[in-house]
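Q: Once you've had a glance at the structure underneath, I'll fire off some questions.
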Amino acid sequence: MRCMRRLSGEDATGAVLACCQEPALHLLLQHVIERERRGDYLGKTVQVVPHITDAIQDWIERVAQTPVDGKGGVPDVWVIELGGTVGDIEGMPFVEALRQFQFRIGPENMCVVHVSLVPVIGVVGEQKTKPTQHSVQVGGEAGGTHSRVALMERGWSLF
C-alpha cells in the first residue's frame, strides 16, 4: 500500500493532494508489539483484526494530516494505492483495514477504484474481461468494496 508521490502539490482544480511514504509492514508490526509490551492491550492476545488493521488505519490518518505544499495546511485529497494480487493472504490486513476505514471516516469521504488490466488477445484485438470479472468477484469475497472500476490496456498506466 502506498500513496502516490506524483500527486503532491496542486492539481488543475487547485486541490492540495497528499504525498507520503509506503508503510513498511514490519514497522507496523513492531509498533503493535511495542504497544502490547507496554500493556496498551490490557493483556489481550494481539490479533490481525483489530490490532494490525487499527495500526494501518492510524498510519493512514497520520500521513493524511502531513502538509505537502509548504503552506502547513492538510491535504484536501489523498490517493492510496493498494497493489498486489486480489486474494493474496499478504494483502488481506490492508484490504480489511481499508474496508474498516470507510466506517471510521464515513463512506461519503472515500472512493475506492478497482483498477484492472483488460488483456487484448492476438492480432484480432479482442478484449478479454473475464480476468476483471474474476478479480472483482474475489475482491468482494475478501471484503473489498469498490465505488468504481477502471480498466486499462497493456502499455497504459493510471499513475
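Q: With the requirement that a residue be in contact with a Gly (Cβ under 9 Å, 6 or more places away or on another chain) and over 21 Å from Ala55 (Cβ atoms), what does region 75-98 give you?
A: Asp76, Thr85, Val86, Gly87 - these are the residues of region 75-98 that are in contact with a Gly (Cβ under 9 Å, 6 or more places away or on another chain) and over 21 Å from Ala55 (Cβ atoms).
Q: Quick one: what pairs do we get from region 134-146, first residue over 21 Å from Pro119 (Cβ atoms), second part of a loop (DSSP other than H, G, I, E, B) and at pLDDT 85 or above, C-beta under 8 Å, 6+ apart or different chains?
A: Once the first residue is over 21 Å from Pro119 (Cβ atoms) and sits in region 134-146, its partners that are part of a loop (DSSP other than H, G, I, E, B) and at pLDDT 85 or above give Gly144/Val112; Thr145/Val112.
Q: Can Thr13 be described as in a loop (DSSP other than H, G, I, E, B), modelled with pLDDT under 85, more than 16 Å from Arg104 (Cβ to Cβ) and not assigned by TED's automatic domain parsing to the domain that holds Gly143?
A: Working: in a loop (DSSP other than H, G, I, E, B): yes; modelled with pLDDT under 85: yes; more than 16 Å from Arg104 (Cβ to Cβ): yes; not assigned by TED's automatic domain parsing to the domain that holds Gly143: yes.
It is true that Thr13 is in a loop (DSSP other than H, G, I, E, B), modelled with pLDDT under 85, more than 16 Å from Arg104 (Cβ to Cβ) and not assigned by TED's automatic domain parsing to the domain that holds Gly143.
Q: Answer with yes or no whether Ile33 is modelled with pLDDT of 85 or more and in contact with a helix residue (DSSP H, G or I) (Cβ under 7 Å, 6 or more places away or on another chain). So that I can check it myself, show each step before the final result.
A: On the way: modelled with pLDDT of 85 or more: yes; in contact with a helix residue (DSSP H, G or I) (Cβ under 7 Å, 6 or more places away or on another chain): no.
Against the criterion (modelled with pLDDT of 85 or more and in contact with a helix residue (DSSP H, G or I) (Cβ under 7 Å, 6 or more places away or on another chain)), Ile33 does not qualify.
Q: Report, by residue number, each residue of region 111-159 that is modelled with pLDDT under 80 and under 13 Å from Gly87 (Cβ atoms).
A: Ala142, Gly143, Gly144, listed by residue number.
Q: Kindly list the number of the only condition in (1) under 22 Å from Thr53 (Cα atoms); (2) out of contact with any strand residue (DSSP E or B) (no Cβ under 9 Å at 6 or more places or on another chain); (3) part of a helix (DSSP H, G or I); (4) not aromatic (Phe, Trp, Tyr) that fails for Gly143.
A: Among (1) under 22 Å from Thr53 (Cα atoms); (2) out of contact with any strand residue (DSSP E or B) (no Cβ under 9 Å at 6 or more places or on another chain); (3) part of a helix (DSSP H, G or I); (4) not aromatic (Phe, Trp, Tyr), Gly143 violates only (3).
Q: Across region 28-73, what is the total count of residues that are more than 27 Å from Ala142 (Cα to Cα) and assigned to a helix (DSSP H, G or I)?
A: 5
The values are calculated or read from the model by the stated rules, or taken from the named source; none is laboratory data. Keep in mind that this is a model prediction, so the values were computed, not measured. Neighbour counts run over all protein chains shown; Cβ positions are idealised from the backbone, glycine included.
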